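Asks: Just passing along the structure, written as structure tokens.
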Amino acid sequence: MQNNAILINALRFVLLVLLQVLLLNHINFLGYINPYGYILFIVLFPLDGNKGLLIFLSFLLGFSIDIFGDSGGVHAAASVLIAYVRPWILKFSFGISYEHNNIKIYKTSMAQRFSYISILVLLHHIILFSLEVFNFSHILLILKSTLFSGIFTILLLMSLLILFSRKN
């Protein structure tokens with residue numbers, strides 16, 4: 001990565017942690033809807049970036065959210081998992097373009113972006129809420145929390161991508 005990309009990713013990391021901790025963690029609509037915007041860091045990490053670095057930074061990102069939210073490591077575990085499976089999800093969502101390293105998230109179709117973000121968010125949320133509840137007798141609570149928070153998080157991330165996309 002170039003110095004410019006490092007600076008952008010460091011700034012994005014700090015801003016997303018602050019956004020999550022200061023604003024998004026305080027949204028708890030109907031007890032099930034809580035957006036997790038910090039996932040955007042993992043979504044937008046450069047595709048040609050070091051995969052080990054992404055997993056380490058995802059751990060730090062989730063751990064930071066866990067420290068501020070006193071959540072015992074569930075965000076770190078969910079973030080590391082989606083960082084680990086991200087290459088397979090990219091290959092599924094973008095196909096041959098990902099294999100040739102010639103995709104830019106902002107320049108892909110809306111359907112490809114939606115599938116990529118939806119899979120990452122729903123996987124993150126199912127792991128997060130499964131570890132948080134840690135009791136499969138409450139599977140309906142896990143699925144309900146995953147669905148409602150997932151929909152809101154997907155809408156938030158898609159809106160942020162559209163809002164901050166670079167216009168050519």
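Asks: Which helices (runs of 4 or more DSSP H) sit wholly inside region 51-112 and have at least 3 residues that are closer than 21 Å to Ala5 by Cβ and under 14 Å from the mean Cα position of the chain (by Cα)?
Replies: The qualifying helices (runs of 4 or more DSSP H) are 51-69, 74-94.
Asks: Against the definition (over 12 Å from the mean Cα position of the chain (by Cα) and not small (Gly, Ala, Ser)), how does Leu143 come out, yes or no?
Replies: Considered against the rule, which asks whether it is over 12 Å from the mean Cα position of the chain (by Cα) and not small (Gly, Ala, Ser), Leu143 comes out as yes.
Asks: Next question, about the same structure. Exactly one condition in (1) in contact with an Asp or Glu (Cβ under 6 Å, 6 or more places away or on another chain); (2) buried (at least 19 other Cβ atoms within 10 Å of the Cβ) is false for Gly73; which is it?
Replies: So the condition that Gly73 fails would be (2).
Asks: Please state which of the following conditions Ser79 fails to meet, knowing it meets all the rest: (1) free of Cβ contacts under 8 Å to residues at least 40 places away in the same chain; (2) of a type outside the set (Phe, Trp, Tyr); (3) under 20 Å from Val133 (Cα atoms).
Replies: (1)
Asks: Now a separate question. Are any residues in region 31-51 hydrophobic (A, V, I, L, M, F, W, C) and closer than 18 Å to Glu132 by Cα, and if so, which ones?
Replies: The answer is Ile33, Ile39.
Asks: Quick check on Ser97: is it farther than 20 Å from Gly49 by Cα, free of Cβ contacts under 8 Å to residues at least 40 places away in the same chain and not basic (Lys, Arg)?
Replies: The answer is no for Ser97.
Asks: Quick one: how many residues across region 114-168 are surrounded by fewer than 18 Cβ atoms within 10 Å (Cβ to Cβ) and hydroxyl-bearing (Ser, Thr, Tyr)?
Replies: Total satisfying the criteria: 4.
Asks: Of all residues being assigned to a helix (DSSP H, G or I) and among the polar types (S, T, N, Q) in region 1-50, which is nearest to Arg86 (Cα to Cα)? Just the residue, please.
Replies: Asn9
Asks: Let me ask you something else. Of the conditions (1) without any contact (Cβ under 8 Å) to a residue 60 or more places away in the chain; (2) farther than 28 Å from Asn28 by Cβ; (3) not basic (Lys, Arg), Phe114 fails just one. Which one is it?
Replies: (2)
Results for (1) out of contact with any His (no Cβ under 8 Å at 6 or more places or on another chain); (2) of a type outside the set (A, V, I, L, M, F, W, C), shown as yes or no for each residue.
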position	(1), (2)
Lys107	yes, yes
Gln112	yes, yes
Leu128	no, no
Ile139	yes, no
Ser145	no, yes
Gly150	no, yes
Thr153	no, yes
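Asks: Which residues, counting only those in region 12-32, are over 16 Å from the mean Cα position of the chain (by Cα) and either at pLDDT below 90 or loosely packed, with under 11 Cβ neighbours inside 10 Å (or both)?
Replies: Leu22, His26, Ile27, Asn28, Phe29, Leu30, Gly31, Tyr32
Asks: Please count how many residues of region 139-168 are under 15 Å from Pro35 (Cα atoms), among the small types (Gly, Ala, Ser) and in contact with a Phe, Trp or Tyr (Cβ under 8 Å, 6 or more places away or on another chain).
Replies: 2
Asks: Can you tell me which condition Trp88 does not meet? The list is (1) surrounded by fewer than 12 Cβ atoms within 10 Å (Cβ to Cβ); (2) at pLDDT 90 or above; (3) over 23 Å from Phe59 (Cβ atoms); (4) of a type outside the set (S, T, N, Q), and all the others hold.
Replies: It fails just one condition, (3).
The values are calculated or read from the model by the stated rules, or taken from the named source; none is laboratory data. As the structure is a prediction and not an experimental result, all values here were calculated from the model. Methodologically, a virtual Cβ is constructed for each residue, glycine included, from the backbone with ideal geometry; neighbour enumeration extends over all protein chains shown.
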